[in-house]
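J.: Mind looking over this structure? Questions follow.
The values are calculated or read from the model by the stated rules, or taken from the named source; none is laboratory data. Owing to the predicted nature of the structure, the values given are computational and were not obtained by experimental measurement. Counting neighbours? That spans all protein chains shown, and the Cβs are built from the backbone with ideal geometry, glycine included. Side chains included, ligands, DNA and RNA excluded: accessible areas come from the protein's heavy atoms. Shrake-Rupley method; radii C 1.70, N 1.55, O 1.52, S 1.80 Å.
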Amino acid sequence: MKNNRLFISLVFAVLIGICQQTFAQTIVRFDFSTGKFNPDDLKALDRLKPGGQYQVKITNINTNLYKIVINKSDTIVSPALTVPSFTGFSVSDLSGLIAGLTTGGINATVMKAVSTSTAATPSDKKSLLTDEYLPKPKVKTKTTLIPKIDPEIEKIKGFMMAFQKELEKYFATLKGINEKTDQLVFDYNKLIVNAMIQNENNGNGVYFDTRTLTLDNLKNRFDGLRNEINTLDEQVRGAAATYRNETFNYSTTIADNKQLKANDSNLTTAYKSFAKKLDTAQSSLSSSKCTSYILSIANIQNSSSREYVFAEQQFSKEQSTLTIAITPRATTNSGLTGITTTWTFPLHQRQFWAISSGFFVSTLYNQSYSTLKTTSADAKNSAVIDTSFSIKSERPAKMEFGINTMIRYGVQISDNYSYWQFGVGPGATVTDKIRARLMIGTGLAFGRTHKFLIDVGYITGYTDQLSVLYKNNLNPQVNPGTVTVSRLSSGAYLSVGYLFN
């Protein structure tokens, strides 16, 4: 019984495998680079029956460049991939202002006009002899500019020079950020150009190697630049606030001094231009723009497999062809060519229902026993003093032969008209005792119209077996007569048959 259960489990596993093979999803691959269907997939498509489902997968195609239509229906409802333009910012206009601060004269000395003499001045002490009699000499004077050290002005100059140096330092930092941004723009555009190339091996020399240009790398660089710009913006605005606080109490002195006023104006202009440039830099790398850049790259990487899978299609007699049209999205000046191909579903039968006949051999058999009578007699008078019986097995062959008639269902599994089939039906033994059998099994069928069958399966029916009265007592004291009874048994069978379809 254990072997029977194992065999039944094996049969059902095979049946489940057949069902999975019959109803499995059929995928048809079309290679755009070669313009050919996968031959094995077309064989699977040939086995598809009306009402069956199939999918089409286009491989080696850049959906950014081509539009795909299947069976006159556009399966891509969205437009071509839209890639946002990524531009950096220039610091050339700010460079002149920062350079002008160095030559603007903050270090120039503040001058004051004073009078000086070109002749000797008489002594303050009058001569007792001649002072009142001699005429007074004419003293010739002139006005010149001489340096005047004013502590307040020097302090203001210190504030201005410190702010100037801060702006120069921050400008150098901004130039570095600008160079990093320019490199990021170039790397980003390389990815975009790469996404627009149909085939990296087409020998046109345009393909960029982006193995080290990963999405995570670009995201980290975006984050780093944004942090640097935000930090620099805080530093510049902080330096400007410090300068205003330091010069607030000296506004009158600055306004009254032409040179200090000019220096303050130059510093203010440079700062405002710097702040405006930082606003531009922050805008070019705003969170919304960076997100759109990153998403566009993610979309490109999502399509990097260069394949497209369509939704399930249903094969019907009304729709017996598969048409694929691939056309360039750009209608002019693209230099690209499209492909249109049609595959017609075969109309020959891929499955069958039929009644078969055949022969089988099974593990069922009738047990057979004989009864042996043994007597003993008295040696003196030859009288019988004891009689005993024993049951002996005839050891029949543990198999039986028969014929069957079964209902068959089969599906084609290869182009040489090979089928996997399963069936159920009655059978009968052709031994000395004709017994009915019920059979269910599965196997292979070969042939187009005349089919040869071979299958294995489960068989059940009545067989002769030793009665339970004698299983433990094979030496009864009286003549047992018939020692077998008919019981329902099960086993395995192997069958060969024929059908016409």
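J.: Give all pairs with beta carbons closer than 9 Å in which a residue from region 157-170 that is in contact (Cβ under 8 Å) with a residue 12 or more places away in the chain meets a residue that is among the hydroxyl-bearing types (Ser, Thr, Tyr) and open to solvent by less than 20 Å² (accessible area, probe 1.4 Å); count only pairs at least 6 apart in sequence or on separate chains.
T.: Going by the 9 Å Cβ cut-off, the qualifying pairs are 159/243; 159/247; 160/243; 160/247; 162/243; 163/243; 163/247; 166/243.
J.: Right, another one. Out of the residues in region 394-413 that are over 13 Å from residue 501 (Cβ atoms) and touching a residue at least 60 places away in the same chain (Cβ under 8 Å), which is farthest from the chain's Cα centre (by Cα)? Please lay out each step first, then the result.
T.: Let us first name the residues in region 394-413 that are over 13 Å from residue 501 (Cβ atoms), namely 394-406, 413.
From what is left, the residues that are touching a residue at least 60 places away in the same chain (Cβ under 8 Å) are 404, 406, 413.
Values: 404: 54, 406: 50, 413: 33 Å.
By that ranking, first place goes to 404.
J.: Let me ask something else about it. If I ask for residues that are of a type in the set (Phe, Trp, Tyr) and surrounded by 18 or more Cβ atoms within 10 Å (Cβ to Cβ), which ones from region 390-442 would you list? Explain how you work it out, then say what you get.
T.: Applying the first criterion (of a type in the set (Phe, Trp, Tyr)) to region 390-442 yields 401, 409, 417, 419-420, 422.
Of everything in region 390-442, those that are of a type in the set (Phe, Trp, Tyr) and surrounded by 18 or more Cβ atoms within 10 Å (Cβ to Cβ) turn out to be 419, 420, 422.
J.: Need pairs with beta-carbon distance below 8 Å; first residue modelled with pLDDT of 75 or more and within region 291-311, second of a type in the set (Phe, Trp, Tyr) and not in a strand (DSSP E or B); sequence gap 6+ or separate chains.
T.: 293/86; 293/188; 293/222; 294/222
J.: Residues to consider are 89, 30, 23; find the one that is of a type in the set (Phe, Trp, Tyr) and either modelled with pLDDT of 70 or more or closer than 25 Å to residue 342 by Cβ (or both). Spell out the reasoning first.
T.: Values: 89 fails: either modelled with pLDDT of 70 or more or closer than 25 Å to residue 342 by Cβ (or both); 23 fails: either modelled with pLDDT of 70 or more or closer than 25 Å to residue 342 by Cβ (or both).
The match here is 30.
J.: Do we find that residue 374 is surrounded by 10 or more Cβ atoms within 10 Å (Cβ to Cβ), modelled with pLDDT of 80 or more and farther than 30 Å from residue 50 by Cβ in this structure? Spell out the reasoning first.
T.: On the way: surrounded by 10 or more Cβ atoms within 10 Å (Cβ to Cβ): yes; modelled with pLDDT of 80 or more: no; farther than 30 Å from residue 50 by Cβ: yes.
No.
J.: Of all residues being of a type in the set (S, T, N, Q) and at pLDDT below 70 in region 42-81, which is surrounded by the fewest Cβ atoms within 10 Å (Cβ to Cβ)? Just the residue, please.
T.: The selected residue is 78.
J.: Please count how many residues of region 443-465 are open to solvent by less than 20 Å² (accessible area, probe 1.4 Å) and either in contact with a Ser or Thr (Cβ under 6 Å, 6 or more places away or on another chain) or among the hydroxyl-bearing types (Ser, Thr, Tyr) (or both).
T.: 5
J.: Among (1) exposed (fewer than 14 other Cβ atoms within 10 Å of the Cβ); (2) at pLDDT 70 or above, there is one condition residue 323 misses while meeting the rest; what is its number?
T.: Looking at each condition in turn, residue 323 falls short on (1).
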